[in-house]
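Here's the structure we're looking at; comments come further down.
Bear in mind these aren't lab numbers, they're just calculated from the coordinates by the rules spelled out. Predicted model only: the values in this text are computed from it and were never measured. Positions of Cβ are backbone-derived with ideal geometry, glycine not excepted, and every protein chain shown enters the neighbour counts.
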C-alpha cells in the first residue's frame, strides 16, 4: 500500500495538494486493518511526502525544493540589480521571498565566538532571520558579526537590508574574499521544528559559513537551518 501510494506521488499521478483516499477506502481496497493503513500513511508522513490536514485528510505535499548555489552568494548579480542574496535566488526561480528579522547584541556561544576569533569579553551582532518562500517558512539564517567591526552600521539596526549585509561589509572595508563552509545533517530541536513548521521525522541540514576579509580576519558567521525536504544545495567547481 505505502509503495503504491509512493509510486503514484513520484510519478505525478497524485500531485501537490491531491487528497489521498480515506482510511476506510484504503482498508477496503487492500483488505487490511485500520491500524495497517495508519502505519502505511505514517511512513509517507515521515518521508515528507504527505501531510495530515484537519478536515481534509491526508494531502500530498508540495515537494519543490529551493535550489541553492552557495558559491554564488558573493558573486556579482548578472542583472546588475543589488538585492540580498536569498531574495535574489528565490526571485530567480519565479517564487516570492519574505523574511522576519530580529537583531540582537549578544555574547555568542563558544562555537560562534571561536569561529569569529572573539575574546571572552567581545560581543557580536546577530541578525536572526526566519525566511519564507511563497508564504511558507523555508529556513532560518542567523548571521553573526563582530560588534566592534559593524558598530553604528545598518547591520546593527533592526530591519531589512535590501542590498544585503555582505554589501555593507564591503562598504566598511571588510568585503569577504574567502569563505569556509561546514555542512552537517541532524534532527531538529523543538524550537526549530516549531518555527519551521516541520512534519514529524523531517531532518534538517545545518549549513555554517565563515567569511574572511582580505586580512584573513573572520567577519561573518552565518548559520542556516534548512529542512532537508525543501532544499537542494548545488556546488559548481571549476577544475581548470
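On a full-extension model of 0.36 nm per residue, what is the gain between residue 212 and residue 240, subtracting their alpha-carbon distance, rounded to one decimal in nm?
Taking 0.36 nm per residue and subtracting the Cα distance, the gain is 7.7 nm.
Can you show me the helix-derived [θ] at 222 nm for the chain, built from DSSP H runs with n ≥ 4 at -39,500 (n - 2.57) apiece and divided by the number of residues, rounded to the nearest 500. Let's see the in-between values first.
Numbers: 8 runs with 63 residues, N = 240.
Value at 222 nm, helices only: -7000 deg cm²/dmol.
Going highest first, how would you order 21-32, 137-148 by mean Cβ packing within 10 Å?
Those peptides, ordered most packed to least, come out 137-148, 21-32.
With the calculation restricted to Cα positions, what are the radius of gyration and Dmax of segment 1-103 in angstrom?
Expressed in Å, the Cα Rg and Dmax of segment 1-103 come to 19.7, 61.
If you average the C-alpha positions of segment 148-197 and of segment 21-36 separately, how far apart do those two centres end up, in angstrom?
Answer, in whole Å: 49.
By counting other Cβ atoms within 10 Å of each Cβ, how are 68, 184, 1 ranked from fewest to most?
184, 1, 68
Kindly list the residues of segment 125-162 that lie in the label zone of residue 103, defined by a backbone N under 14 Å from the point 7 Å along the Cα-to-C-beta vector.
Counting backbone N atoms under 14 Å from the label point, the list is 125-129, 143-162.
If you build the convex hull over the alpha carbons only and average its shadow over all orientations, what do you get for the chain? Give it in nm² to one decimal.
16.1
Grab the Cα-Cα distance for residue 170 and residue 193, subtract it from 0.36 nm times how many residues apart they are, and report the gain in nm with one decimal.
Contour length minus Cα-Cα distance gives 4.8 nm.
Of the residues 151, 220, 129, which exhibits the maximal mean-square fluctuation in a Gaussian network model of the chain defined by a 10 Å Cα contact cut-off?
Greatest mean-square fluctuation among the candidates belongs to 151.
So which residue, out of 67, 39, 20, gets the largest mean-square fluctuation from a GNM of the chain using Cα contacts under 10 Å as springs?
Most flexible of the set in this elastic network: 39.
Any chance you could list the semi-axes, whole Å, largest first, of the equivalent ellipsoid that the Cα gyration tensor gives for segment 54-164, using √(5λ)?
They are 30, 19, 13 Å, listed largest first.
Of 55, 38, 209, which has the largest mean-square fluctuation in a 10 Å C-alpha GNM of the chain?
55
How much length is gained on full extension from residue 34 to residue 148, taking 0.36 nm per residue of separation minus their Cα-Cα distance? Write out the running numbers ahead of the final one.
Working: separation 114, 0.36 × 114 = 41.04 nm, distance 6.18 nm.
Full extension from residue 34 to residue 148 adds 34.9 nm.
Can you compute the FRET efficiency between residue 178 and residue 55 using 1/(1 + (r/R0)^6), with r the Cβ-Cβ distance and R0 = 41 Å? Round to the nearest 0.05.
Efficiency computed from Cβ-Cβ geometry: 0.20.
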